[in-house]
Amino acid sequence: MEPTFTYPQAINKAQLYEAFLADFRPYIEGETDIISLMANTSAALHEAFGFFWVGFYIVADEQWLHLGPFQGTAACTRIRHGRGVCGTAWAEDKTLIVPDVDKFPGHIACSSASRSEIVVPVHDKAGTVIAILDIDSARLAAFDETDREGLEAIVSTFEQTLFP
Ligand code: SME
């Protein structure tokens, strides 16, 4: 059956993450190609949540993240370790929630429409950061602890699928 990640408008955000994860887990099961996984994860999240921009930056070497699969407007292709929200989440190896991107020192503006952002690191089996999931909203303060929990669970499923 054709996969669909469309959910009723009436459910709250926590329920939406729960419903998404229940469909997402079997959907990606057995896929170990990182690009395929990133492409479909971006598309599914975009469809379900309507984020302005959702995609991955991939660790290329010790210094650089390179743009990976995403849904949204064309974006910056390279981000240096420790720079911007993405490079900082990579360096600190933790999820970052930025309620107002204009107030984040060194924020890299790929699109002026982006107002808030959440970034979640992706790890290999050894616990090394190999990529980051980056999500932008056109609304201020769009992300909270529910998003952190939901997206970290999605990334954890992604990691277990990629590294069985
Ligand atoms: N704002 C990000 C750059 C990536 S774009 O949002 C797609 C940052 O500061 O790292």
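Bear in mind these aren't lab numbers, they're just calculated from the coordinates by the rules spelled out. Model, not experiment: these values are computed from the prediction. Using ideal geometry, Cβ is built from the backbone for each residue, glycine included, and neighbour counts are taken over all protein chains shown.
In Å, what is the Rg of the alpha-carbon atoms in the chain, and how long is Dmax?
14.8, 46
Based on alpha-carbon centroids, what's the gap between the stretch 114-164 and the stretch 20-87 in Å, whole number please?
Centre-to-centre (Cα) distance: 9 Å.
Among 82, 57, 8, whose Cα projects farthest towards the positive end of the dipole of the chain, with charges put on the beta-carbon of Lys, Arg (+1) and Asp, Glu (-1)?
Farthest towards the positive pole: 82.
Where does the chain land at 222 nm, in deg cm²/dmol rounded to the nearest 500, when only DSSP H runs of n ≥ 4 count, each adding -39500 (n - 2.57), divided by all residues?
About -11500 deg cm²/dmol.
In terms of Cα to Cα distance under 26 Å, which lysines are near enough to residue 13, apart from those fewer than 8 places away along the same chain?
94, 103
Where nothing but the Cβ of Lys and Arg (+1) and of Asp and Glu (-1) is charged, how large is the charge dipole of the stretch 1-65 around its Cα centre, in debye to the nearest 20?
300 debye
Taking the Cα atoms of the stretch 1-64 alone, what are Rg (to one decimal) and Dmax (as a whole number) in Å?
When restricted to Cα atoms, the stretch 1-64 yields Rg and Dmax of 13.6, 44 Å.
If you filter the stretch 11-109 for trypsin sites (Lys or Arg not before Pro), then keep DSSP loop positions with at most 13 other Cβ within 10 Å, what is left?
Those satisfying the criteria are 94.
Explain nothing, just compute: Karplus ³J(HN,Hα) = 6.51 cos²θ - 1.76 cosθ + 1.60, θ = phi - 60°, for every residue of the stretch 60-77 in order, whole Hz, x for Gly and Pro.
Coupling constants for the stretch 60-77: 9, 7, 5, 9, 10, 9, 10, 4, x, x, 7, 10, x, 6, 3, 10, 4, 8 Hz.
Explain nothing, just the number: relative contact order of the chain, from Cα pairs under 8 Å at least 6 residues apart, as a whole percent.
With pairs under 8 Å counted, the relative contact order is 22 percent.
So how do 116-125, 21-30, 3-12 stack up, highest first, on mean other-Cβ count within 10 Å?
Result, highest mean first: 116-125, 21-30, 3-12.
Given 20 °C and 1.002 mPa s, compute D for the stretch 62-159 with the Stokes-Einstein relation, Rh being the Kirkwood radius over Cα pairs; round to the nearest whole µm²/s.
This corresponds to a translational diffusion coefficient of 158 µm²/s.
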